[in-house]
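A.B. asks: Below is a structure I'd like to ask you about.
The values are calculated or read from the model by the stated rules, or taken from the named source; none is laboratory data. Computed from a predicted structure; not experimentally measured. As a convention, Cβ positions derive from the backbone with ideal geometry for all residues, glycine included, and neighbour counts pool all protein chains shown. Please note that ligands, DNA and RNA were not included when accessible areas were found on the heavy atoms of the full protein model with its side chains. Shrake-Rupley method; radii C 1.70, N 1.55, O 1.52, S 1.80 Å.
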Amino acid sequence: MRSSMIRSVKSAIARSSSAAAGAQIQRRGFSVTSAPERKVAVLGAAGGIGQPLALLMKLNPLVSHLSLYDIAATPGVAADVSHINTRSEVKGYVGEENLGQALEGVDVVIIPAGVPRKPGMTRDDLFNINAGIVKSLCTAIAKYCPNVGVAFPSLLSSSTALVNMISNPVNSTVPIAAEVFKKAGTYDEKKLFGVTTLDVVRAKTFYAGKAKVPVAETYLRCNPTWRIVFCGEVNVPVVGGHAGITILPLFSQATPQANLSAEEITALTKRTQDGGTEVVEAKAGKGSATLSMAYAGALFADACLKGLNGVPDVVECSYVQSTVTELPFFASKVRLGKNGVEEVLGLGPLSDYEKEGLEKLKPELKASIEKGIKFANDN
Ligand SMILES: NC(=O)C1=CN([C@@H]2O[C@H](COP(=O)(O)OP(=O)(O)OC[C@H]3O[C@@H](n4cnc5c(N)ncnc54)[C@H](O)[C@@H]3O)[C@@H](O)[C@H]2O)C=CC1
Ligand SMILES: O=C([O-])CC(=O)C(=O)O
């Protein structure tokens, strides 16, 4: 009886949400097949993340042009992906002399360029190589994708782009990018994002396993008056940064709620914080997370595109310029819109354990931010 009730509520929700989606599409005057033209560039497209990310972006119907750039091997990746019979036109660019063309007119630039960790390394150990890579790519982005709103936009292009930074250490590469854009006079804090989606993906997976709920299903529950209410999918906000203890999952806000012990929450927090290391060790010298990262990067880019297209209430966690704490960059829930960040949302109520975690992460995150800013200004 109860299960047939749940089934009928589920199908009612499916019907009403598809009707709402249809109405939204009509209001905005486009369907998926006639969605606005959107160009996405992947810089580092021939790499471990870049290749599956290129595939996933090729499958995204919101993308009309897919620009794949790397310092080597992009023609092969682009030729391969371009045979897939989906909407976007794919072009591959190789070598710095072609970066300008790759970036021309882009709406979203995703950056997974740079070296990955090996066992025993921290993300900060990647700084010396990746900081320079990110700086040079952001210099090109400033030149070829300047913000239309700034005083002296480049004459080379009038496009504006959202930047999705994947390259590690994200806690420092995002401040580096901000400094490069500031120096070039093209900085718009609404358009720069550190991609922390993989932390959320992991937190959801680990939490659902522990709470014994299906991770990918729409969740319904009875409220105290025994009415069935829609609660969405498993969700866990993750705030702070993207390295070790700076990754702070907020399991006290996880949905659906589960009665987990303090020990279970501590173990889940630690596993989320060490998720990257778990993969690095399992790959035993052959790199870090690539497939789950490509999935997470594709999810975040899709959210950015939806925001640009005017889809309401697109909320994702991301590492952005922030006043949520005293730190200038911080990951929290962000509402995405037509200009990128529409609103940086606050932390919400924290448990004592999370409050403690927040205070503990601040010195490390502060140091990583300062390191990035110093690098950008000294080099
Ligand atoms: N934000 C996150 O959650 C995650 C970040 N990462 C980071 O993503 C980065 C990439 O990881 P993988 O794809 O596994 O590495 P990879 O070594 O497989 O691929 C990196 C690609 O970047 C390219 N590249 C190097 N310099 C470049 C430049 N100047 N311009 C364009 N492309 C350039 C390389 O040719 C290579 O194809 C690493 O820094 C890694 O730590 C990895 C997983 C998760
Ligand atoms: O751990 C790494 O080096 C890659 C990464 O950022 C992650 O998997 O979260």
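A.B. asks: Can you pull out every residue in region 291-328 that is assigned to a strand (DSSP E or B) and farther than 16 Å from Ser167 by Cα?
C.D. replies: Answer for region 291-328, where residues must be assigned to a strand (DSSP E or B) and farther than 16 Å from Ser167 by Cα: Val314, Val315, Glu316, Cys317, Gln321.
A.B. asks: Within region 289-310, can one find any residue that is touching a residue at least 60 places away in the same chain (Cβ under 8 Å), open to solvent by 40 Å² or more (accessible area, probe 1.4 Å), farther than 17 Å from Thr205 by Cα and over 14 Å from the mean Cα position of the chain (by Cα)?
C.D. replies: There is no residue in region 289-310 that is touching a residue at least 60 places away in the same chain (Cβ under 8 Å), open to solvent by 40 Å² or more (accessible area, probe 1.4 Å), farther than 17 Å from Thr205 by Cα and over 14 Å from the mean Cα position of the chain (by Cα).
A.B. asks: Now for a different question. Out of all the residues in region 280-313, which are over 18 Å from Met57 (Cα atoms), more than 10 Å from ligand 2 (Cβ to nearest atom) and among the aliphatic types (A, V, I, L, M)?
C.D. replies: Listed by number, the residues that qualify are Ala282, Ala284, Val311.
A.B. asks: Tell me whether region 337-354 contains one or more residues that are within 13 Å of Pro249 (Cα to Cα) and open to solvent by less than 10 Å² (accessible area, probe 1.4 Å).
C.D. replies: yes
A.B. asks: May I ask you to verify whether Arg87 is within 16 Å of ligand 2 (Cβ to nearest atom), in contact (Cβ under 8 Å) with a residue 40 or more places away in the chain and of a type in the set (Lys, Arg)?
C.D. replies: No; evaluated as a whole, the condition is false for this residue.
Let's see how each residue does on (1) closer than 21 Å to Glu364 by Cβ; (2) at pLDDT below 95; (3) open to solvent by 10 Å² or more (accessible area, probe 1.4 Å):
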position	(1), (2), (3)
Ala102	no, no, no
Pro116	yes, no, yes
Asn168	yes, no, yes
Val201	no, no, yes
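A.B. asks: Would you say Val134 is surrounded by fewer than 19 Cβ atoms within 10 Å (Cβ to Cβ) and within 9 Å of ligand 1 (Cβ to nearest atom)?
C.D. replies: no
A.B. asks: Considering only residues that are among the small types (Gly, Ala, Ser) and open to solvent by less than 10 Å² (accessible area, probe 1.4 Å), which ones fall in region 225-275?
C.D. replies: Residues satisfying the conditions are Gly240, Gly241, Ala254, Gly275.
A.B. asks: Tell me the residue from Phe206, Phe230, Phe251 that is touching a Leu at 6+ places or on another chain (Cβ under 7 Å), farther than 21 Å from Ala298 by Cβ and at pLDDT 95 or above, please.
C.D. replies: Phe251
A.B. asks: Just to be sure, is Asp125 under 30 Å from Gly276 (Cβ atoms) and open to solvent by 70 Å² or more (accessible area, probe 1.4 Å)?
C.D. replies: Here the answer is yes, as Asp125 does meet what is asked.
A.B. asks: Now a separate question. Are there any pairs, at least 6 apart or on different chains, whose C-beta atoms fall under 8 Å, with the first in region 47-65 and under 16 Å from Asn164 (Cβ atoms) and the second part of a helix (DSSP H, G or I) and modelled with pLDDT under 95, and if so, which?
C.D. replies: Going by the 8 Å Cβ cut-off, the qualifying pairs are Leu62/Val32.
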